[in-house]
Amino acid sequence: MSENVDNVKPDEHQSEPPKKGIIRKIIENISVEPLVICWLLPYLLTYAAIEDLNVEKACRGFVDDSSGMSKDVCKLIVRKDMFNITCDGANAGSLEHIDKVAIEKEYPEIFRGIKDNFSEVMNFLCEVENPVQIKLSLINSIRNPISSIGPLIIILFAGPWSDKRNLRIPCMIVPFLGEAIGYLCEIK
């Protein structure tokens, strides 16, 4: 005699496992993807701003106090396209195409300081453009490998260690903190 499984009544002492809430299910199924998005999105949004900041800081290194020029003119080198500043070799191209009204509207203090020696300032900006780019290339070619060596060595040991001890979450959060500290150090 074989019993039909469908006809078996459930044991009355047996209870159903409690249903998990939808939020709890989502949290349990989350892995690395949200952390990657939380890191990548701000990184992509700030990348251009950080690069512009580095260009401006490098330009300020070329302004010497004897020239009588304010270091604030370096804000213009970052936004050359917005103001139609074109460089012809080491000199500014035609000064007629430069949007002086936009410069005055965006940076009124800077414009008041440079309107008397406008062509000299534009020539200075074009003159320092190539040295600034060379300086930034050198800095980045040194900084990037140095900043990658530490994480590379740590990941070789931290990955297997976190898998053995089931401590993946702290090992995913620590790099975000390091990245945040790096951005704060960048802005000095």
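The values are calculated or read from the model by the stated rules, or taken from the named source; none is laboratory data. All figures in this text were calculated on a predicted structure; none of them were measured in a lab. Glycine gets a Cβ as well: all are built from the backbone with ideal geometry, and neighbour counts include every protein chain shown.
Considering only residues in the range 88-103 that are surrounded by fewer than 17 Cβ atoms within 10 Å (Cβ to Cβ) and among the hydrophobic types (A, V, I, L, M, F, W, C), the one that is farthest from the chain's Cα centre (by Cα) turns out to be LEU95. Filter the range 140-172 down to residues that are hydrophobic (A, V, I, L, M, F, W, C) and touching a residue at least 12 places away in the same chain (Cβ under 8 Å) and give me whichever is farthest from GLU186 (Cα to Cα). Per the stated criteria, the residue is ALA158.
Just wondering, is there one or more residues in the range 154-173 that are within 20 Å of GLY61 (Cα to Cα) and either aromatic (Phe, Trp, Tyr) or touching a helix residue (DSSP H, G or I) at 6+ places or on another chain (Cβ under 6 Å) (or both)? Scanning the range 154-173, I find no residue that is within 20 Å of GLY61 (Cα to Cα) and either aromatic (Phe, Trp, Tyr) or touching a helix residue (DSSP H, G or I) at 6+ places or on another chain (Cβ under 6 Å) (or both), so the answer is no. Looking only at residues of the range 125-137 that are in contact (Cβ under 8 Å) with a residue 40 or more places away in the chain and of a type in the set (A, V, I, L, M, F, W, C), we find that the one that is surrounded by the fewest Cβ atoms within 10 Å (Cβ to Cβ) is LEU136. One residue stands out among those in the range 90-107 that are in a loop (DSSP other than H, G, I, E, B) and out of contact with any Asp or Glu (no Cβ under 9 Å at 6 or more places or on another chain): the one that is farthest from PHE124 (Cα to Cα), which is ASP99. Of the residues making up the range 36-82, those that are outside any loop (DSSP other than H, G, I, E, B) and among the basic types (Lys, Arg) are LYS57, ARG60, LYS71, LYS75. Scanning the range 104-124 for residues that are surrounded by 13 or more Cβ atoms within 10 Å (Cβ to Cβ) and either charged (D, E, K, R) or at pLDDT below 85 (or both) yields GLU104, GLU106, GLU120.
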